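Following: one structure in structure tokens, then a few remarks.
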Amino acid sequence: MKERILGNGLKVSAVGLGCMGFSHAYGEPTEKKEAVRLIQKAADMGYTFFDTAEVYGTPADPHQNEVLVGEALKGRRDQVVIATKFGIHFDESSPRVNNPLVPDSRPEVIRSSVEASLKRLGTDHIDLYYQHRPDPLIPVEEVAGVMADLIKEGKITHWGLSEAEESTIRRAHAVCPVTAIQNRYSMMARWHEDLFPVLEELHIGYVAFSPLANGFLSAKYSRDTKFDGSADYRSVMPQFVPEGIEQNGALLQLLYRMAEEKEATPAQISLAWMLCKKPYLVPIPGTRKTERMKENKASAEILLTLEKVRSIDQALDNMEMSAVFGGTETVNKKVRNYA
Ligand SMILES: NC(=O)c1ccc[n+]([C@@H]2O[C@H](COP(=O)([O-])OP(=O)(O)OC[C@H]3O[C@@H](n4cnc5c(N)ncnc54)[C@H](OP(=O)(O)O)[C@@H]3O)[C@@H](O)[C@H]2O)c1
């Protein structure tokens with residue numbers, strides 16, 4: 001697969017594999033052996049960039065995803081880039097399918113997280129370690145200081161921020177250079193585009209999570225698709241409810257039209273649109289199907305001119321669209337009442 005560079009030198013496949021869905025948020029987790037086999041299939045077909053987090057799992061097996069990724073990639077550790085994340089846990093007391101997130105980036109918590117992640121991943125270093133969400137109680141300079149120490153100790157080689165805004169990125173980068181941000185980005189979620197000039201100025205990559213708007217932009221879902229309300233976040237996502245699907249008619253038409261023009265699929269057009277927009281944008285679509293891994297990988301071969309990308313942007317700016325899932329609520333505990 002084609003490659004891209006994040007920050008000052010982290011080489012990754014142009015399309016990465018988001019591994020979250022094997023364990024978390026999209027219904028029942030995949031059986032362990034099968035998940036390991038599928039992640040290995042992705043590596044066989046040229047994916048070298050794998051995204052996980054310490055919190056991707058279920059209440060019964062809360063860190064399962066890192067174990068799967070570690071197990072799948074152990075024979076080829078030096079050929080792949082493993083990205084994982086620290087700094088949140090879920091508020092399990094919530095009755096909601098998507099439990100609120102509680103940020104916690106206290107240095108001692110990061111220290112214990114990194115050791116546990118290294119163990120679960122079966123490795124002596126993490127290639128890209130993200131703060132999963134900013135912690136309003138811990139200045140980002142303090143987090144960046146811990147990252148600098150972890151880099152010196154060889155436990156991580158690069159670091160990044162997820163769902164970060166400009167001032168946080170600038171403050172963090174001034175203490176310890178940031179390799180990539182990982183923010184939501186898709187044809188339905190373009191609100192971070194104002195970060196592009198900042199990322200260009202500081203040479204920071206943009207890893208785009210939920211690049212298919214949680215699958216919606218593949219155009220494979222309809223009013224009749226049912227999601228498990230107890231384990232599948234899509235059951236509460238506004239783009240998948242019947243009214244949402246109706247409001248997104250023009251978007252789906254645009255995708256069908258472009259797909260026909262380029263002899264591609266709507267999912268491929270959605271990914272090619274961002275890949276052709278900026279050379280430092282790297283989408284990490286999640287899928288549990290090998291055919292879709294192949295399909296998503298091939299999006300890196302589709303060429304859309306900048307003029308075409310701009311005309312798609314313009315069409316997106318001017319069309320009616322439903323709301324899109326913007327992420328699980330973050331609960332900022334004013335006083336830490338947990339150990
Ligand atoms: N930093 C953060 O806070 C954060 C938040 C969310 C996600 N992430 C990361 O980003 C990754 C991707 O995000 P995401 O999984 O939320 O959303 P996504 O990649 O936009 O969509 C994933 C969904 O799309 C479906 N899909 C994928 N490729 C497809 C194709 N070619 N055709 C039809 N359907 C397709 C998958 O279903 P099937 O499995 O059935 O194919 C899956 O349900 C995650 O795995 C995770 O690593 C990070």
Summing -39500 (n - 2.57) over every DSSP H run of at least 4 in the chain, dividing by its residue total and rounding to the nearest 500, the 222 nm mean residue ellipticity is -10500 deg cm²/dmol
What's the longest bit of the chain with no exposed chymotrypsin sites (Phe, Trp or Tyr not before Pro), using DSSP loop states and at most 13 other Cβ atoms within 10 Å as the test? 1-190
Those trypsin sites (Lys or Arg not before Pro) in the range 224-296 that DSSP places in a loop and that have at most 14 other beta carbons within 10 Å: LYS226, LYS289
Based on other C-beta atoms within 10 Å, arrange MET20, MET45 from fewest to most. MET45, MET20
For the chain, the charge dipole (Cβ of Lys, Arg +1; Cβ of Asp, Glu -1; about the Cα centre) points to a positive end, and the Cα of ASN183, ILE269, GLN64 closest to that extreme belongs to GLN64
How many percent of DSSP beta bridges within the chain run antiparallel, rounded to 5? 25 percent
Remind me, relative contact order of the range 135-277 in percent, using alpha carbon pairs under 8 angstrom and six or more residues apart? 17 percent
The answer for the net charge of residues other than GLU66 whose Cβ lies under 12 angstrom from its Cβ, with Lys and Arg +1 and Asp and Glu -1, is -1
List the GluC sites (Glu not before Pro) within the range 41-116 that DSSP assigns to loop and that have no more than 15 neighbouring Cβ atoms inside 10 Å. GLU92
Given the pairs LYS74/LYS220; LYS33/LYS220; LYS11/LYS152; LYS119/LYS152, which are separated by over 30 angstrom at their Cα positions? LYS74/LYS220
Using the Cα centre as the reference, give the magnitude of the dipole from point charges on the C-beta atoms of the range 198-290 (Lys, Arg: +1; Asp, Glu: -1; all else neutral), rounded to the nearest 20 debye. 220 debye
Loop trypsin sites (Lys or Arg not before Pro), the range 60-152 (other Cβ atoms within 10 Å of the site Cβ: 13 or fewer; DSSP): ARG96
Could you name the aspartates and glutamates in cross-link range of LYS155, using Cα to Cα under 14 Å and dropping any fewer than eight places away on the same chain? GLU115, ASP124, ASP127
Residue separation times 0.36 nm, minus the C-alpha to C-alpha distance between LYS308 and ILE5: what's the value? 106.7 nm
Contour minus Cα-Cα distance for GLU141 and ARG170 (0.36 nm per residue): 9.4 nm
With labels modelled as points extended 7 Å from the Cα through the Cβ direction, what inter-label distance (nm, one decimal) is found for ALA148 paired with GLU31? 5.0 nm
Would you mind calculating the gained length between GLU301 and GLU260 on full extension (0.36 nm times residue separation, minus the Cα-Cα distance), in nm to one decimal? 13.2 nm
Got a sec? Charge dipole of the range 201-339, +1 on Cβ for Lys and Arg, -1 for Asp and Glu; which of ILE302, GLN253, THR328 is way out at the positive end? THR328
Per 5 Å bin, what percent of the C-alpha pairs of the range 55-114 does each bin hold, from zero upward? 4, 15, 20, 22, 18, 12, 5, 2, 0
Note down the nm distance, to one decimal, between modelled labels 7 Å out along Cα→Cβ at ALA60 and at LYS74. 2.3 nm
Would you please state which residues of the range 15-43 a label at THR290 would reach in this model, taking the label point 7 Å out along Cα→Cβ and a backbone N cut-off of under 13 Å? 34-43
Most exposed first, judged by fewest Cβ atoms within 10 angstrom, LEU199, LEU217, LEU255 run LEU199, LEU255, LEU217
Hey, could you pull the Cα Rg and Dmax for the chain, both in Å? 19.0, 57
Note on the chain: contact order normalised by length, alpha-carbon pairs under 8 Å, 6 or more apart, percent, works out to 20 percent
Which value, to two decimals, describes the C-alpha radius of gyration of the range 104-222 once divided by 2.2 N^0.38 Å? 1.14
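All of the numbers you see were taken from the coordinates with simple rules; none came from a lab. Treat the numbers as computed from the prediction; the structure is a model and nothing was measured. Backbone-built Cβ (ideal geometry, glycine too); neighbour counts: all protein chains shown.
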